[in-house]
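Novice: For reference, the structure I am asking about is given below.
The values are calculated or read from the model by the stated rules, or taken from the named source; none is laboratory data. This is a predicted model, so every value here is computed, not measured. Note that each Cβ is placed from the backbone with ideal geometry, even for glycine, and that neighbours are counted across all protein chains shown.
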Amino acid sequence: MIVPGSASQEVAAELAAELDEPLASVEYEWFADGETLVRVPETDDRAVVVASTVSSDAHVELLQLQDAARQRADEVVTVLPYMGYGRQDEAFAPGQPVSARAMARAISTGTDRVVTVNPHEEAVTGFFDVPCSSVDAAGRLAAPLPELSDPLFVSPDSGAIELAEAIRDAYGGGEADYFEKVRHSDTAVEIKPSDASTTGRDVVLIDDIIATGSTMSTAIAQLSGPDRVFVTCVHPMLAANARTKLANAGVNAVYGTDTIERAVSSVSVAPAIADAL
Ligand code: R5P
């Protein structure tokens, strides 16, 4: 039985349909003091909790869902379509936590197994105390693209070049490349373009996550005379005014997956998760 978190109801329903498994009618409650409560009215022998940890509240809700499911199911599997705090995968300054490890340890206490989608760094899967595997959904982002002319698939930093290659391969042709990025703060990034020509070409930018939109809007500003610009990402967090930043940067369309449920989440990762399960 699929047990959805409140922020992952769309992808959970898709997964239930994919696997032909029932979907638990979970009830969610929010109290005046800010605490949350869930009720999982039924489960099968295997409960698959599907919850993107898109906020601190979503983390707490996930722990509650696992605990409730554990009381009825023999096996609890946790699917994290999007794993929050994944980008703090090391202590970047003295005194900082490895937040991804702290979250992974907490999540491990309530489950037998974890499946996640495109973690920021694959090494994050090693932070869990139970088996954890990751699913690569980047190739699926090729599906909504229109027919492209002389396409360039480009990632805004070298770490995401594999995503650019995956979407290029899934599209079936084109050049893949990456820009160089230096981050100065949460919202200030500097991007150096590559040598690949962008003039008159359709450019498809891809990243694992769009958070503030600073990386993508700065990357778009480096393109010289492109024909059309498409922005794609696995995790469309699109915090604050990120979507507006992209529009003002001149993007033709934004495509993301349903690991985070937003207006641009036109691609479902459910089939890829179903394969992993
Ligand atoms: C960082 O390395 C990630 O891959 C993304 O590039 C980054 O998290 C995007 O953040 P933002 O949209 O805030 O620039």
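Novice: Only one of these is of a type in the set (K, R) and at pLDDT below 95: R183, R201, R228. Name it.
Specialist: When all the criteria are applied, what remains is R183.
Novice: Let me confirm something: among S197, S268, which residue is under 18 Å from the mean Cα position of the chain (by Cα) and among the hydroxyl-bearing types (S, T, Y)?
Specialist: Only one candidate passes the filter, namely S268.
Novice: Quickly run through segment 68-100 and pick out the residues that are outside any loop (DSSP other than H, G, I, E, B) and within 16 Å of the ligand (Cβ to nearest atom).
Specialist: S99, A100
Novice: May I pose another question? If I filter segment 160-168 for residues that are among the acidic types (D, E), without any contact (Cβ under 8 Å) to a residue 40 or more places away in the chain and out of contact with any strand residue (DSSP E or B) (no Cβ under 6 Å at 6 or more places or on another chain), do I get at least one hit?
Specialist: Yes; the residues of segment 160-168 include at least one that is among the acidic types (D, E), without any contact (Cβ under 8 Å) to a residue 40 or more places away in the chain and out of contact with any strand residue (DSSP E or B) (no Cβ under 6 Å at 6 or more places or on another chain).
Novice: Let me ask something else about it. What residue, of L238, L223, is farther than 29 Å from T116 by Cβ, modelled with pLDDT of 95 or more and surrounded by 18 or more Cβ atoms within 10 Å (Cβ to Cβ)?
Specialist: Every option except L223 fails the conditions.
Novice: Report whether or not R105 is more than 16 Å from the ligand (Cβ to nearest atom), at pLDDT 95 or above and among the basic types (K, R).
Specialist: For R105, the condition - more than 16 Å from the ligand (Cβ to nearest atom), at pLDDT 95 or above and among the basic types (K, R) - is met.
Novice: Does segment 47-58 include one or more residues that are over 15 Å from the mean Cα position of the chain (by Cα), surrounded by fewer than 16 Cβ atoms within 10 Å (Cβ to Cβ) and outside any helix (DSSP H, G or I)?
Specialist: no
Novice: Looking only at segment 140-153, decide whether some residue is in contact with a Phe, Trp or Tyr (Cβ under 9 Å, 6 or more places away or on another chain) and aromatic (F, W, Y).
Specialist: yes
Novice: Scan V50, V40, V117 and give me the residue that is within 16 Å of the ligand (Cβ to nearest atom) and under 25 Å from A13 (Cα atoms). Let's see the steps before the verdict.
Specialist: On the way: V50 fails: within 16 Å of the ligand (Cβ to nearest atom); V40 fails: within 16 Å of the ligand (Cβ to nearest atom).
Unique residue meeting the criteria: V117.
Novice: Could you count how many residues in segment 224-250 are over 20 Å from the mean Cα position of the chain (by Cα) and aromatic (F, W, Y)?
Specialist: Residues flagged as over 20 Å from the mean Cα position of the chain (by Cα) and aromatic (F, W, Y) within segment 224-250 amount to 0.
Novice: May I pose another question? Could you grab me the full set of residues in segment 147-177 that are farther than 23 Å from A211 by Cα and surrounded by fewer than 17 Cβ atoms within 10 Å (Cβ to Cβ)?
Specialist: E147, S149, D150, D169, A170, G172, G173, E175
Novice: Looking at the structure I just gave you, is D150 modelled with pLDDT of 95 or more, assigned to a loop (DSSP other than H, G, I, E, B) and more than 16 Å from N118 (Cβ to Cβ)?
Specialist: Working: modelled with pLDDT of 95 or more: yes; assigned to a loop (DSSP other than H, G, I, E, B): yes; more than 16 Å from N118 (Cβ to Cβ): yes.
Yes.
Novice: Within segment 11-40, track down each residue that is in contact (Cβ under 8 Å) with a residue 24 or more places away in the chain, farther than 18 Å from V77 by Cβ and either of a type in the set (S, T, Y) or crowded, with 17+ Cβ neighbours inside 10 Å (or both).
Specialist: Y28, T36
Novice: If we only count strands (runs of 3 or more DSSP E) wholly inside segment 184-277, which ones have 2 or more residues that are in contact (Cβ under 8 Å) with a residue 12 or more places away in the chain and either in contact with a His (Cβ under 8 Å, 6 or more places away or on another chain) or within 13 Å of the ligand (Cβ to nearest atom) (or both)? Before you say what the answer is, go through the steps one by one.
Specialist: Working: elements: 189-192, 203-210, 229-236, 253-257, 265-267.
Once the strands (runs of 3 or more DSSP E) in segment 184-277 are filtered for at least 2 residues that are in contact (Cβ under 8 Å) with a residue 12 or more places away in the chain and either in contact with a His (Cβ under 8 Å, 6 or more places away or on another chain) or within 13 Å of the ligand (Cβ to nearest atom) (or both), what remains is 189-192, 203-210, 229-236, 253-257.
Novice: Consider segment 132-162. How many of its residues are of a type outside the set (D, E) and within 16 Å of the ligand (Cβ to nearest atom)?
Specialist: Here the count works out to 12.
Novice: What's the number of the condition A142 fails, among (1) over 20 Å from E165 (Cα atoms); (2) touching a helix residue (DSSP H, G or I) at 6+ places or on another chain (Cβ under 6 Å)?
Specialist: (1)
Novice: Considering every residue within segment 41-54, establish whether at least one is without any contact (Cβ under 8 Å) to a residue 40 or more places away in the chain and within 22 Å of D275 (Cβ to Cβ).
Specialist: yes
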